[in-house]
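Below is one structure, written out as structure tokens, with a few remarks after it.
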Amino acid sequence: MIDIRQGIGYDLHRIVEGRPLIIGGVEIPSPFGLLGHSDADVLAHAITDALLGALALGDIGQHFPDTDPTYKDSDSMFFLAEVAEMIRKKGFIVSNIDSVVIAEKPKMALYIDKIKFSVAAVLGIEPNRVSVKAKTNETVDSIGEGRSIAAWATALLVSE
Ligand code: MG
């Protein structure tokens, strides 16, 4: 019998100057980056949590604690790769990922395809199984005021 699981992930990081802006493993030209213990890749974190959530395996903070110096400035695509491996070992494959990056600036449109390919490559799936959408927050709240960037993601997993 086929087992189908869905998961949801969310993350938000504060904008700071002096750090690179990494979204889904892609460095996006920007005068600011995101604050975090790792590289603060908000999309990688949301997708990682969606995958963990689908198999009820806890959250990213439990698996990769931000108190662990090992993960200081860590490439968050490493977390995603580790969780993808965890899923494979449990006998599941990723059917698809849908996601939204919410940022007032910079404009993401030029980088969406690159981000999709980057995420798909780490998950070992076809790029047409990864959806990344960009939104603004219409200038309101911390995201709209350009003080933070957030991401939502869902994942659908199917047993092999
Ligand atoms: Mg995070």
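Only the coordinates and a few stated rules stand behind these numbers; no lab work does. The structure displayed is predicted, hence computed values, not measured ones. All Cβ positions, glycine included, derive from the backbone under ideal geometry; neighbour counts span all protein chains shown.
The modelled label-to-label distance for the pair GLN6/LYS135, using points 7 Å beyond Cα in the direction of Cβ, is 1.6 nm. Straight distance only, please: which aspartates and glutamates reach the Cα of LYS89 with their own Cα at less than 13 Å, same-chain residues fewer than 8 apart left out? By straight Cα distance, LYS89 reaches GLU160.
Quick one: if the Förster radius is 35 Å, what FRET efficiency do LYS114 and GLU145 give, using the C-beta to C-beta distance and rounding to 0.05?
Working: r = 27 Å, r/R0 = 0.77.
That pair, LYS114 with GLU145, gives E of 0.85.
When the inverse distances between all different Cα atoms of the range 4-159 are averaged and flipped, the Kirkwood radius reads 15.3 angstrom. Taking 23 Å as the straight-line reach from the Cα of LYS105, the lysines in range (excluding those fewer than 8 positions away in the same chain) are LYS114, LYS116, LYS133, LYS135.
Charged side chains reduced to their Cβ positions (Lys and Arg at +1, Asp and Glu at -1) give the chain a dipole of some 300 debye around its Cα centre.
Have a look at the DSSP beta bridges in the range 4-159 and tell me what percent are antiparallel, nearest 5.
80
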